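None of the figures in this text is laboratory data; all of them are computed from the coordinates on show. Small disclaimer: the values here were computed from a predicted structure and weren't measured. Note: ideal-geometry Cβ built from the backbone for every residue, glycine included; neighbour counts use all protein chains shown.
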Amino acid sequence: QVTLKESGPALVKPTQTLTLTCTFSGFSLSSSGMRVGWIRQPPGKGLEWLARIDWDDDKFYSTSLKTRLTISKDTSKNQVVLTMTNMDPVDTATYYCGRVAVGLNFDSWGQGALVTVSS
Amino acid sequence: QTVVTQEPSFSVSPGGTVTLTCGLSSGSVSTSYSPSWYQQTPGQAPRTLIYSTNTRSSGVPDRFSGSILGNKAALTITGAQADDESDYYCLLYMTGGISLFGGGTKLTVL
C-alpha cells in the first residue's frame, strides 16, 4: 500500500524559507520509473503543479516558481523535501505531495498540509 | 506561457451525460500530453480518475471515461450521480518535463 504524508510548519513569516517534507511508504524512489511531485492549492482556488523529482535525480520545476523552488530526495529515509524561498502571503495554500506514475499522472496523494504565510 | 483551459463550471441533471474538456491556450492536446483527470471535493485531497488519456484508475466507476475530442482532452460522465458533484481538474505533461493543471471545472448535479 502506497502512502504519503506532508509535514512542515503551519505558519511562516513573509520572506522566510518554507521547508516541507514528504514521507512515503510502499515504494522506493531509487527504483527505476519512480517519481514524486508537489502540488499546492490556495484556499478556494485550483491546483498548481510545483515540482517533480525522478528516481534518477532528474528535477523539474514550475516555470513561474523555479527560481524559488528546490526539490531533493533522501532515498534512505523515503523522503522528498521541497524548499520555497522568499515566502509571501499569496503562497498561503495547502501543499500536497504525490507519487507520479509511469503515465506521469499522480496515482497516490498525501493528505495535504496547510501553510499560512503571515507576519 | 501556455495555459491549460477548462470550463469554469458545468451543470448536469441526475442521470444525464456531461463532457468536460481540457485544452491549451496555444495548440492542440494529444495523447502525447498524457492527460489525466482528478476529482476533488471540498476539504479532501484530489482523487485520480483517468490517466494516459483514457485509462480508469483502480476503483473508478465505468461511468467516467476519457478521450481526445477534437483538439482537447475530454472527461465524460455518463449517468451522472449526485455524488459526482465536485471539482474536476485535468493535468497535462508538457515539453521539458513539467506538468500543468487546468483551472478546474466545478460540476453541479441538479
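Does the stretch B:100-110 contain any residue that is at positive phi and surrounded by fewer than 16 Cβ atoms within 10 Å (Cβ to Cβ)? Taking every residue of the stretch B:100-110 in turn, none turns out to be at positive phi and surrounded by fewer than 16 Cβ atoms within 10 Å (Cβ to Cβ). Reported count of residues in the stretch B:60-106, each being more than 17 Å from A:Q41 (Cα to Cα), over 11 Å from the mean Cα position of the chain (by Cα) and within 14 Å of another protein chain (Cβ to nearest Cβ), is 7. Is the stretch B:10-31 home to any residue that is without any contact (Cβ under 8 Å) to a residue 24 or more places away in the chain and of a type outside the set (V, I, T)? Scanning the stretch B:10-31, I find at least one residue that is without any contact (Cβ under 8 Å) to a residue 24 or more places away in the chain and of a type outside the set (V, I, T), so the answer is yes. Does A:D107 satisfy the criteria of being charged (D, E, K, R) and over 27 Å from B:G43 (Cα atoms)? Taking the combined requirement at face value, the residue does not satisfy it.
Which is hydrophobic (A, V, I, L, M, F, W, C) and either surrounded by 14 or more Cβ atoms within 10 Å (Cβ to Cβ) or free of Cβ contacts under 8 Å to residues at least 60 places away in the same chain (or both), of A:V90, A:V102? Among A:V90, A:V102, only A:V90 is hydrophobic (A, V, I, L, M, F, W, C) and either surrounded by 14 or more Cβ atoms within 10 Å (Cβ to Cβ) or free of Cβ contacts under 8 Å to residues at least 60 places away in the same chain (or both).
Screening the stretch B:37-59 for residues that are within 9 Å of another protein chain (Cβ to nearest Cβ) and part of a strand (DSSP E or B) and picking the one that is surrounded by the fewest Cβ atoms within 10 Å (Cβ to Cβ) gives B:T55.
Here the stretch B:67-83 is the region considered, the condition is being in contact with a Lys or Arg (Cβ under 8 Å, 6 or more places away or on another chain) and of a type outside the set (S, T, N, Q), and the residue that is farthest from A:G37 (Cα to Cα) is B:G79.
Only one entry of A:L47, A:L11 meets the criterion of being within 12 Å of chain B (Cβ to nearest Cβ) and out of contact with any Lys or Arg (no Cβ under 6 Å at 6 or more places or on another chain), and that entry is A:L47. Here the stretch A:91-119 is the region considered, the condition is being among the polar types (S, T, N, Q) and part of a strand (DSSP E or B), and the residue that is farthest from the other protein chains (Cβ to nearest Cβ) is A:T116.
Screening A:T75 with (1) away from chain B (no Cβ under 14 Å); (2) under 23 Å from A:T3 (Cβ atoms); (3) polar (S, T, N, Q); (4) under 12 Å from the mean Cα position of the chain (by Cα) gives one miss only, at (4).
Residues are listed down the side, and each one gets a yes or a no for (1) in a strand (DSSP E or B); (2) surrounded by 13 or more Cβ atoms within 10 Å (Cβ to Cβ):
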| residue | (1), (2) |
| --- | --- |
| A:Q1 | no, no |
| A:Q16 | no, yes |
| A:G33 | no, no |
| A:G37 | yes, yes |
| A:P43 | no, no |
